[in-house]
1. When residue 52 is evaluated against the numbered criteria (1) surrounded by fewer than 22 Cβ atoms within 10 Å (Cβ to Cβ); (2) in contact (Cβ under 8 Å) with a residue 60 or more places away in the chain; (3) acidic (Asp, Glu), which criterion, by number, is the only one it fails?
2. Which condition from (1) modelled with pLDDT of 90 or more; (2) part of a loop (DSSP other than H, G, I, E, B); (3) surrounded by fewer than 19 Cβ atoms within 10 Å (Cβ to Cβ) is the one that residue 68 breaks?
3. Being crowded, with 17+ Cβ neighbours inside 10 Å, touching a helix residue (DSSP H, G or I) at 6+ places or on another chain (Cβ under 9 Å), closer than 26 Å to residue 75 by Cα and modelled with pLDDT of 95 or more: is that true of residue 146 here?
4. Any residue in the range 31-47 that is in contact (Cβ under 8 Å) with a residue 60 or more places away in the chain, within 21 Å of residue 103 (Cβ to Cβ) and either among the hydroxyl-bearing types (Ser, Thr, Tyr) or loosely packed, with under 15 Cβ neighbours inside 10 Å (or both)?
5. For the range 185-239, which residues satisfy the criterion of being among the charged types (D, E, K, R) and over 21 Å from the mean Cα position of the chain (by Cα)?
6. Hey, among the residues in the range 171-205 that are of a type in the set (S, T, N, Q) and exposed (fewer than 12 other Cβ atoms within 10 Å of the Cβ), which one's nearest to residue 142 (Cα to Cα)?
7. Output the residue which, of all residues in the range 216-260 that are surrounded by 10 or more Cβ atoms within 10 Å (Cβ to Cβ) and among the acidic types (Asp, Glu), is modelled with the lowest pLDDT.
8. Would a scan of the range 153-167 turn up a residue that is of a type outside the set (S, T, N, Q), crowded, with 22+ Cβ neighbours inside 10 Å and in contact (Cβ under 8 Å) with a residue 24 or more places away in the chain?
Amino acid sequence: MSIKILVPVKRVVDPNVRVRVSASGTIETAGLKMSLNPFDECAVERALQLKEAGHASHVTVITCGQTTSQDVLRTALAMGADSAVLLDTGAATSTLDSLAVARLLQSYLSTQDCYGLVLCGKQAIDGDTGGVPAMLAGLLDLPQALDACAIEADGTGWRVTSGDDTGTVTWRLEGAAVVSADLRLAEPRRVTLPSIVKAKQKPLATIDAATFNIDLAPRAQIVELNDPPAREAGIKVKDTATLIEALASHRVFEQAGAVV
């Protein structure tokens, strides 16, 4: 197939690193290990699998940020992506919200053609809002499927299975589409040293985000940021009946919508 797949990615604090809220009420990232957002990593892997199966001809990864974000683009290139794009947002990087990112991606896509699929991670592990895929689909006026645990090419479209805590549903999206990836979508491949070396030779374009003339002022603001409260010690129960009684006392069944 001649279509291309675009995979937006984000640079986040490594999921194995424990973050703390500073005295100023912000997350200090200086000195912390940064990595490719895990949900985006799954999206990159599935995009590569679709290309290897002959359903796409090219996989491009893209991110919004500063030059420091090139490291996650290089990681995706080492996994097997064909090219990468950095939308350099300069000083506005620290305040980008979901709408700003979606509008930047829309502007970039308006200058391109042949992208038959935009495959995003369903959310970033820092903000956890999951707003970009749905907003981008709305701005592009394209069909969407969120929280995908499976995606296959289906004629001129895509067959996507989306899941949540209550079950799964399968959608057929005709033509170009926006899909967001759950962690179940694919198991990311390991990056080898030879692939890292080859990635340095692959094209990585930098575009000044200011050329799109988009207002990047955030529509959402963080009012307060605190560490989560200390977790209380658990209890031991002697039998199943006591366990059910303890769960009922915490209204677990009611919150889950079950009838006791």
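The values are calculated or read from the model by the stated rules, or taken from the named source; none is laboratory data. Remember, it's a predicted structure, so these values are computed and weren't measured experimentally. Virtual Cβ from ideal backbone geometry, glycine too; neighbours counted across all protein chains shown.
1. Only one criterion is unmet by residue 52, namely (2).
2. With respect to (1) modelled with pLDDT of 90 or more; (2) part of a loop (DSSP other than H, G, I, E, B); (3) surrounded by fewer than 19 Cβ atoms within 10 Å (Cβ to Cβ), residue 68 is out only on (2).
3. no
4. No, every residue in the range 31-47 fails to be in contact (Cβ under 8 Å) with a residue 60 or more places away in the chain, within 21 Å of residue 103 (Cβ to Cβ) and either among the hydroxyl-bearing types (Ser, Thr, Tyr) or loosely packed, with under 15 Cβ neighbours inside 10 Å (or both).
5. Passing the criteria: 198, 200, 202, 208, 215, 224, 227, 231, 232, 236, 238, 239.
6. Residues of the range 171-205 that are of a type in the set (S, T, N, Q), as a first pass: 180, 192, 195, 201.
So of that shortlist, the ones also exposed (fewer than 12 other Cβ atoms within 10 Å of the Cβ) come out as 192, 201.
Details: 192: 36, 201: 33 Å.
Here the residue is 201.
7. 254
8. The initial filter retains those residues of the range 153-167 that are of a type outside the set (S, T, N, Q), namely 153-155, 157-160, 163-165, 167.
Now drop any that are not crowded, with 22+ Cβ neighbours inside 10 Å, which leaves 158, 160.
Narrowing further to those that are in contact (Cβ under 8 Å) with a residue 24 or more places away in the chain: 158.
There is at least one residue in the range 153-167 that is of a type outside the set (S, T, N, Q), crowded, with 22+ Cβ neighbours inside 10 Å and in contact (Cβ under 8 Å) with a residue 24 or more places away in the chain.
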